[in-house]
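S.K.: Okay, here's the structure, questions in a sec.
The values are calculated or read from the model by the stated rules, or taken from the named source; none is laboratory data. This structure is a prediction, so every number in the text was calculated from the model and none was measured. In this analysis, Cβ positions are derived from the backbone assuming ideal geometry, glycine residues included, and neighbour counts consider all displayed protein chains. Surface areas here come from the heavy atoms of the whole protein model, side chains and all, with no ligands, DNA or RNA. Shrake-Rupley method; radii C 1.70, N 1.55, O 1.52, S 1.80 Å.
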Amino acid sequence: MDGGSTKTDIIIADEYGCIMASTHNSGSNYSSLGCELNFRCAMSLFVGEDLEIAGIMSAQITEVTFGVPTYGEVEETKVTMLAILHELMAGCGKVNIANDAVVCWAGSLAGKPVINIVAGTGAIGFGIDQHGNQARVGGWSTYFSDEGSCSWIGIRAMTRFFKQSDGRLPRTVLYDIFKEHFQLVKKDIYFLNNFMGRFKNNKAEYAKMQFLAYQAYQQGDESMARLYDSAAWELSEMVRALIRNLHFGEQEPVLISYSGGLFKTGETILAPLRTHFSLQNVNLLVPAYAPNVGAIIYSARSYLPTDWITAMANSLTALLNAEKTQGE
């Protein structure tokens, strides 16, 4: 499972890379769901659906890896999540529970020593060096940081809209995009009454505003180009911190990969990211596999040789891409 604040992707597969079940669900952030009961209900629904689609029981699964947001960040999660997920997977050979950044890392280069940047609803960096040392940075929540994330960009784009509305900044194409998106045909100030409830305690809504920033960027808004450059700088700062905290050596370039919704903007974020890495001995690589495939890789490490895992992951990726193409 690759969980997140906005979505949760679950996949059940066999050792040959055949998909038995694959679902795309709503968010599984323990903090956003609000309480243990809501988390239990959500996970019971998600896991139960996949097991039903696969036509198997949890006891028939050799190993499972749950990549769960906030795991290890909220004190009670180490007890409550552990109990809930072990209960749902009764009889399973082994149950791994890790922060969602771990499965993103596992998918980035199939478990090789690498630093992975996750920039989706939030932002977090995670790395494991060739000695097995682990470190993470970021992920301090949308309320306080998550610099470089979709939410971080979305909030700053909204701030620019407000300032453009009341005259503190000159109006750009961003202003028109926000007006059209929220259908503000009368006074802009009506935004507060009409839409504040939509954003209250909902990180996913802030993240969605990144798409409006991206539209403005594509239409030549220079302020949004500067915003994406600032996001890239923040993400590069996470990488620099991880390099300091880990031991990759000085001979070979440090491998860097990435995942999360922000990278769907492609060169909009990748080009400035490369620029901010230009003076460092790093190699920015396209991720090999998606995080949900990363969870499968993480689960299979104890059972299958490296070449077999690669073949399995390639098969899964091909099948998932075919499903996505058919869906479109």
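S.K.: Here is a list: Asp229, Asp221. Which entry is over 30 Å from Val95 (Cβ atoms) and buried (at least 19 other Cβ atoms within 10 Å of the Cβ)?
M.R.: It is Asp221.
S.K.: Between Phe39, Phe46, which is more than 29 Å from Thr310 (Cα to Cα) and among the aromatic types (Phe, Trp, Tyr)?
M.R.: Phe39
S.K.: To continue, here is another question. Inspect the stretch 46-55 for any residue being at pLDDT 85 or above, within 19 Å of the chain's Cα centre (by Cα) and either open to solvent by 70 Å² or more (accessible area, probe 1.4 Å) or of a type outside the set (S, T, N, Q) (or both) and give the result as yes or no.
M.R.: yes
S.K.: Picking from Ala83, Ala90, Ala106, which residue would you name as being touching a helix residue (DSSP H, G or I) at 6+ places or on another chain (Cβ under 6 Å) and open to solvent by 50 Å² or more (accessible area, probe 1.4 Å)?
M.R.: Going through Ala83, Ala90, Ala106 in turn, just one is touching a helix residue (DSSP H, G or I) at 6+ places or on another chain (Cβ under 6 Å) and open to solvent by 50 Å² or more (accessible area, probe 1.4 Å): Ala90.
S.K.: Considering each residue of the stretch 116-137, count those that are open to solvent by 10 Å² or more (accessible area, probe 1.4 Å) and either among the hydroxyl-bearing types (Ser, Thr, Tyr) or in contact with a Phe, Trp or Tyr (Cβ under 6 Å, 6 or more places away or on another chain) (or both), and give that number.
M.R.: So the count comes out to 3.
Rundown of residues vs (1) of a type in the set (A, V, I, L, M); (2) closer than 25 Å to Glu234 by Cβ; (3) open to solvent by less than 70 Å² (accessible area, probe 1.4 Å), yes/no style:
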position: Thr159; (1), (2), (3): no, yes, yes
position: Lys163; (1), (2), (3): no, yes, no
position: Arg171; (1), (2), (3): no, no, no
position: Ile177; (1), (2), (3): yes, yes, yes
position: Phe182; (1), (2), (3): no, no, yes
position: Phe191; (1), (2), (3): no, no, yes
position: Asn194; (1), (2), (3): no, no, no
position: Gly197; (1), (2), (3): no, no, yes
position: Glu205; (1), (2), (3): no, yes, yes
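S.K.: So, one more: Among the numbered criteria (1) open to solvent by less than 20 Å² (accessible area, probe 1.4 Å); (2) within 17 Å of the chain's Cα centre (by Cα); (3) among the hydrophobic types (A, V, I, L, M, F, W, C), which single criterion is violated by Trp140?
M.R.: Among (1) open to solvent by less than 20 Å² (accessible area, probe 1.4 Å); (2) within 17 Å of the chain's Cα centre (by Cα); (3) among the hydrophobic types (A, V, I, L, M, F, W, C), Trp140 violates only (1).
S.K.: So which residues in the stretch 14-41 are crowded, with 18+ Cβ neighbours inside 10 Å and within 18 Å of Asn201 (Cα to Cα), if there are any at all?
M.R.: Gly27, Ser28, Asn29, Tyr30, Ser32, Leu33, Phe39
S.K.: Something else about it: Give Thr317, Thr275 a once-over and let me know the one that is polar (S, T, N, Q), open to solvent by less than 40 Å² (accessible area, probe 1.4 Å), farther than 21 Å from Ala207 by Cα and without any contact (Cβ under 8 Å) to a residue 60 or more places away in the chain.
M.R.: Unique residue meeting the criteria: Thr317.
S.K.: I've got another one for you. What single numbered condition from (1) in contact with a Lys or Arg (Cβ under 8 Å, 6 or more places away or on another chain); (2) surrounded by fewer than 24 Cβ atoms within 10 Å (Cβ to Cβ); (3) of a type in the set (S, T, N, Q) fails to hold for Ser5?
M.R.: So the condition that Ser5 fails would be (2).
S.K.: While we're on this one: Just one of the numbered conditions (1) modelled with pLDDT under 95; (2) over 18 Å from Ser32 (Cα atoms) is not true of Val68; which one?
M.R.: Unmet for Val68, out of (1) modelled with pLDDT under 95; (2) over 18 Å from Ser32 (Cα atoms): (2).
S.K.: Can you find, within the stretch 278-314, the residue that is farthest from Gly249 (Cα to Cα) among those that are touching a Pro at 6+ places or on another chain (Cβ under 7 Å) and surrounded by fewer than 18 Cβ atoms within 10 Å (Cβ to Cβ)?
M.R.: Asn283
S.K.: Still on this structure, I have one more. Check every one of the helices (runs of 4 or more DSSP H) wholly within the stretch 215-328 and list those with 2 or more residues that are among the charged types (D, E, K, R).
M.R.: 222-245, 267-276, 306-327
S.K.: Which numbered condition in (1) touching a strand residue (DSSP E or B) at 6+ places or on another chain (Cβ under 9 Å); (2) modelled with pLDDT under 95 is the only one that Ser31 fails?
M.R.: Condition not satisfied by Ser31: (1).
S.K.: Sticking with this structure for a sec: Filter the stretch 71-80 for residues that are over 17 Å from Ala42 (Cα atoms) and of a type in the set (Val, Ile, Thr); which is most open to solvent (accessible area, probe 1.4 Å)?
M.R.: By that ranking, first place goes to Val79.
S.K.: Being open to solvent by less than 40 Å² (accessible area, probe 1.4 Å), under 24 Å from Tyr206 (Cβ atoms) and touching a Gly at 6+ places or on another chain (Cβ under 7 Å) is the filter here, so list the residues in the stretch 233-258 that pass it.
M.R.: Scanning the stretch 233-258 gives Leu235, Met238, Val239.
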